[in-house]
Amino acid sequence: MVRVLIRAGAGASPREAPTYLARMVRPRLERPPVGRRKPWRWLADPTGQNVRAIWQKPAKPDVTITRCEPPLSRAEGIRLNGLADWHRCPALVVGLTVHGLAIARALSRRGIAVHCLSDVEASLQPTVYTRYAKVHFRRGLNTGPLRDYLLDVAAEIGASEKIVLFPTSDRIAKAIARSWADLRDHYQLSWASCRDLVVELQRKDMLAKYCDEANVEYPKSAVIARAEDIQAIAAKLRFPIVVKPAQPLSSFKAIKVSAVSELGGVVARYANELPFVCQEWIEGPEPSLYACTTYLDRGRALFMFTSRKLAASPPRVGQGTVFETVDNDEIRDIAARFLSRLDLSGPVAVEFKRDAAGRYWFIEPNVGRTEYCVDLAIQSGFDLPYLEYLHTVGGSVDAAIPTRTTGAVWFDTDKDPNCYLANRRALRGPDGRKRRAVFPYLGHQDWKPFLASFLQLAIIPLAGVGRRVSRALSPSKA
């Protein structure tokens, strides 16, 4: 039997002891045993001041917890159990998509108090039901006054320490950078010292010069600022080309066009979102797209993780829905050559495309935030959100840098429910070994988001059947 003395905060009830044990004593536990009554026996004296709980779990040594007065703060409780003092700072994940949910889970499992800021939508996302974070709601995270929202949420959290920010989109990161002078008294940010560079790298029309300086292959490009530039673009570039918005988070990600007339149609349709970056198309299917995910400390990579895209929706130009881990030293070398010249800190993911000749072409960087499929890195052993947290609060990052990673495949069944069935053969790696399947909701012992997602998938088809039946049974109009 192992005996652990824990001093809990004032007002804590005996029911909170299992959670406190899981977070403080066993921070790597996949899911804190909240609400499990049967494995616990509670013994209390008549005054209720001292409570003892015995954890009875098969094949595990019993653990005895003693809560006693006087109460200590949560940070002191962390120190008492041998964990880092810097865990006292709460974290705020801004944007609660499956991307934000993965960050919240990773941090909460480490014993960090996690809050999430979610958009108010007509139909709530399944992610808002997570048990790993406290969720705050505001309308229009990408379009509203984010500065005011963050100041309000900081007051709601009421932390004595500065809150560590985790943006989940380019537009949110840009808004934070622009408002940092007003936010810095309440928040911490991993890339606060290089905000201008982060905002500049988000612009696709600024990438060519950085690739030239680093001697990295970049597709021949040109910027179209108005409709009159179309003919000049046609004379400069070889079709087909891909058209991308220069600014992040526009109404489209990329459009492939094969003729001048198609380019004119795109410019006319999205005229209010000019300028655009036009690039010569690099031919290749989804598996020719690679990424190197890393964390930088003033241009120095602390760890590099490589992956490959296997499927996207829509195909070729859409957001990736299936990613696998790969071991690619050439991608690491090219990424290091590009990034080492930049005085940049924080999470970074750089994307490349391999052509038929085997050359790797730089596509784009993701800076100021983690990648949408960050859970692939987390579940493979590279806990990028925790590394960012430790580096931001000034802690030792050694605990978050893995000695090795394991193979896995991430399936975005939230965006494409059929992507697993269509790509399940990818679970067998090139060496023949079985790899782990990672999903946004399934397999994380966070059943409410999974149930909400399942019900949404079931209700939508049933609603369609109901409408058809209703129309069939209704009397026809004369």
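The values are calculated or read from the model by the stated rules, or taken from the named source; none is laboratory data. Just so it is clear, the structure is predicted and the values come from calculations on it, not from any experiment. So basically every Cβ, Gly included, is an ideal-geometry build from the backbone, and we count neighbours across all protein chains shown.
May I ask you to verify whether P402 is outside the structural domain of T97 (by TED's automatic domain parsing), outside any helix (DSSP H, G or I) and without any contact (Cβ under 8 Å) to a residue 60 or more places away in the chain?
Here the answer is no, as P402 does not meet what is asked.
Which residues, counting only those in segment 301-339, are more than 24 Å from G407 (Cα to Cα) and either assigned by TED's automatic domain parsing to the domain that holds F252 or in contact with a Leu (Cβ under 9 Å, 6 or more places away or on another chain) (or both)?
Across segment 301-339, the qualifying residue is only L339.
Considering E213, E273, E200, E217, which residue is surrounded by fewer than 18 Cβ atoms within 10 Å (Cβ to Cβ), closer than 23 Å to F338 by Cα and free of Cβ contacts under 8 Å to residues at least 60 places away in the same chain?
E200
Among the listed residues A356, A349, which satisfies the condition of being in the same structural domain as L296 (by TED's automatic domain parsing) and crowded, with 22+ Cβ neighbours inside 10 Å?
Only one candidate passes the filter, namely A349.
What is the one condition in (1) modelled with pLDDT under 95; (2) in the same structural domain as G320 (by TED's automatic domain parsing); (3) buried (at least 20 other Cβ atoms within 10 Å of the Cβ) that S396 does not satisfy?
(3)
For segment 334-380, enumerate the residues that are under 13 Å from I282 (Cα atoms), assigned to a loop (DSSP other than H, G, I, E, B) and charged (D, E, K, R).
Correct list: D355, R359.
What is the number of the single condition among (1) surrounded by 23 or more Cβ atoms within 10 Å (Cβ to Cβ); (2) over 21 Å from the mean Cα position of the chain (by Cα) that D333 does not meet?
With (1) surrounded by 23 or more Cβ atoms within 10 Å (Cβ to Cβ); (2) over 21 Å from the mean Cα position of the chain (by Cα) applied to D333, the lone miss is (1).
Looking only at strands (runs of 3 or more DSSP E) that fall completely inside segment 232-325, which ones have 2 or more residues that are under 22 Å from the mean Cα position of the chain (by Cα) and not aromatic (F, W, Y)?
Output list reads 289-297, 300-313, 319-325.
Would a scan of segment 439-449 turn up a residue that is under 17 Å from T325 (Cα atoms) and either touching a strand residue (DSSP E or B) at 6+ places or on another chain (Cβ under 6 Å) or of a type in the set (G, A, S) (or both)?
yes
Please report, ordered by residue number, the strands (runs of 3 or more DSSP E) entirely within segment 85-149 with at least 2 residues that are under 12 Å from I172 (Cβ atoms).
91-94, 114-119
Is there any pair linking a residue in segment 296-323 that is closer than 21 Å to S251 by Cα to one that is among the charged types (D, E, K, R) and crowded, with 22+ Cβ neighbours inside 10 Å, with Cβ under 6 Å and at least six apart or on different chains, and which?
T321/D412
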